[in-house]
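These notes are about the structure you will find just below.
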Amino acid sequence: MTARRSAALLAATALAAALTACAPTSAPTPSPTPTGFASEEEAFAAAEATYRAYVDALNQVDLSDPATFEPVFAITTGELNDIDRKSFSQLHADGAVVSGATKIVSITPLDHESTETRLAICLDVSAVELKDPDGNSLVQEDRPDLRAETATVERTPDGESKLASIGDGVDGSKCDE
């Protein structure tokens, strides 16, 4: 940092401190952490918004139209992005048809560390059907209507939140029925 920039920064800091001393007192505003979040609550809110966008994008997928896959790919990263790309490509090639919508029953914050935030999710997948071109169901007969998941959302260096992984519910957790 140049001496001129350091002096300007010091002057700005001194001015801000002087103005704060004259201003009415109020609760301090949290400053952003290196991940860009001012608080753990803000990190959880961003992670939840990312997961909700992912489910919304999934609900818009038309397996006969690969262009509808792109919003899903835009929200994911890493291994989950690879898995989604391979799965959608295979389902498209097989002529599979998906119908119905996944509904979010609940999202519960689990933990937040550095650039990762984990959520416990409960989904209602009872209306989702996946069929082959002949109309035969590709869904396991014993699939429960509610599905418990753990989602990990990562904060990218450019400040975006992306869904990095989805796994089974934490510690044997399940959705309340």
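The values are calculated or read from the model by the stated rules, or taken from the named source; none is laboratory data. What you see is a predicted model, and the numbers here were worked out from it, not measured in a lab. Neighbour counts run over all protein chains shown; Cβ positions are idealised from the backbone, glycine included. Keep in mind that these areas ignore ligands, DNA and RNA; they rest on the heavy atoms of the full protein, side chains included. Shrake-Rupley method; radii C 1.70, N 1.55, O 1.52, S 1.80 Å.
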Every listed condition ((1) touching a strand residue (DSSP E or B) at 6+ places or on another chain (Cβ under 6 Å); (2) surrounded by fewer than 17 Cβ atoms within 10 Å (Cβ to Cβ); (3) touching a residue at least 12 places away in the same chain (Cβ under 8 Å)) holds for Ala53 save (1)
Where the second residue is assigned to a strand (DSSP E or B) and at pLDDT below 70 and the first is at positive phi and lies in region 154-177, which pairs have Cβ atoms under 7 Å and are six or more apart or on separate chains? none
Among the residues of region 86-137, which ones are farther than 30 Å from Thr156 by Cα and of a type in the set (Val, Ile, Thr)? Val97, Val98, Val128
Scan region 82-99 for residues that are open to solvent by less than 20 Å² (accessible area, probe 1.4 Å) and part of a helix (DSSP H, G or I) and jot them down. Asp84
If I go through region 112-128 residue by residue, how many of them are part of a strand (DSSP E or B) and surrounded by 14 or more Cβ atoms within 10 Å (Cβ to Cβ)? 10
Which of the residues spanning region 56-77 are within 23 Å of Thr108 (Cα to Cα) and surrounded by fewer than 16 Cβ atoms within 10 Å (Cβ to Cβ)? Asp56, Asn59
Of a type in the set (Lys, Arg) and either modelled with pLDDT of 95 or more or over 17 Å from Ala148 (Cα atoms) (or both): does that describe Arg52? yes
Restricted to region 129-162, and to residues that are among the small types (Gly, Ala, Ser) and more than 29 Å from Ala46 (Cβ to Cβ), which residue is most open to solvent (accessible area, probe 1.4 Å)? Ser137
